[in-house]
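The values are calculated or read from the model by the stated rules, or taken from the named source; none is laboratory data. From a predicted model like this one, the values you see are computed outputs, not experimental measurements. Note: ideal-geometry Cβ built from the backbone for every residue, glycine included; neighbour counts use all protein chains shown.
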Amino acid sequence: MFPLAHAWMIEQCISDPSPAHYLGCIWPDMLYGSPLTHQQTHREGAALAAYAASLAPGHEGYEFRQFVQGALSHGVEPHGFDWYSDEEYGGLSASERGYAFQRGRQLAERAATACGVVPDQGWWKAHNLIEMAFERRAFSERPERGERMATACADAALIERTSIRLAARFGQPAEALAEPIRRFPEIVALRPTTIESLARAYAAQTRLRHPGAQPDEAAIAHLIAEAEAIVAPDADVFLRSCSTQVSAMLDSAFSA
């Protein structure tokens with residue numbers, strides 16, 4: 001899912017989330033220029049939670065635990081929001097993958113064309129379009145969500161403390177982990193008031209991920225609008241199901 005949806009999720013799981021929660025809930029996607037991989041940020045949540053639990057009691061240890069709660073609410077293993085969006089939803093076979101892939105399949109060919117990528121990248125791009133279909137709604141319901149994430153990404157002291165902990169966990173320089181956090185608000189749309197703002201941000205992300213691609217922002221915007229219509233009939237069911245299961249996962253992961 002995209003940032004505003006992840007902010008929505010952490011708010012369902014945690015009453016009165018802290019800046020560390022908001023930072024953590026979008027951290028797994030902060031891979032632009034990061035030395036970490038998608039595998040490390042999305043599938044190693046249990047190890048990250050164990051590391052957080054090993055830290056000495058105190059403010060910084062508690063703060064990092066909040067960050068990790070946010071990260072787990074986002075990820076794939078253990079089953080956070082992205083598990084249900086990307087991997088499995090509704091009891092369908094593995095070949096159907098998660099909700100966003102299921103709903104995005106019909107957009108795959110056009111998504112590849114609009115993004116200027118090879119056809120076999122189309123289904124991935126289409127699933128991103130479905131995920132973006134939740135962003136304007138999440139922002140319009142609570143515009144402060146975007147502000148809270150932007151504030152967390154601008155909190156130099158929080159970023160420094162968090163990056164030092166992550167550096168110890170992943171064996172990477174703290175600055176190499178801090179820079180993608182600071183940069184993230186420039187790459188995503190944290191205040192998506194229009195479809196065009198989402199399309200503009202996604203076109204920029206596509207150019208970063210696929211050097212030489214020439215995405216068509218107008219075509220992407222058209223597909224985001226279509227994606228919003230596709231998810232409208234069952235978006236609430238999907239969100240309720242995910243929030244129930246992700247909340248239970250967090251309770252289990254941090255019950256010790």
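Laid out as a table, the results:
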item	result
Residue among A248, A218 that alone is assigned to a helix (DSSP H, G or I), more than 30 Å from L48 (Cα to Cα), without any contact (Cβ under 8 Å) to a residue 40 or more places away in the chain and not basic (K, R)	A218
Hey, P185 out of contact with any Ser or Thr (no Cβ under 6 Å at 6 or more places or on another chain), in a helix (DSSP H, G or I), in contact (Cβ under 8 Å) with a residue 12 or more places away in the chain and crowded, with 19+ Cβ neighbours inside 10 Å or not	yes
So R103, is it assigned to a helix (DSSP H, G or I) and under 27 Å from L250 (Cβ atoms)	yes
Filter result for G91 (out of contact with any helix residue (DSSP H, G or I) (no Cβ under 8 Å at 6 or more places or on another chain), surrounded by fewer than 18 Cβ atoms within 10 Å (Cβ to Cβ) and modelled with pLDDT under 95)	yes
Matching residues, the stretch 1-39, being in a helix (DSSP H, G or I) and touching a Pro at 6+ places or on another chain (Cβ under 7 Å)	L4, I10, E11, I26
First in the stretch 1-23 and free of Cβ contacts under 8 Å to residues at least 60 places away in the same chain and within 18 Å of P185 (Cα to Cα), second anywhere and of a type outside the set (K, R) and assigned to a loop (DSSP other than H, G, I, E, B), Cβ under 6 Å, 6 or more apart	H21/I14
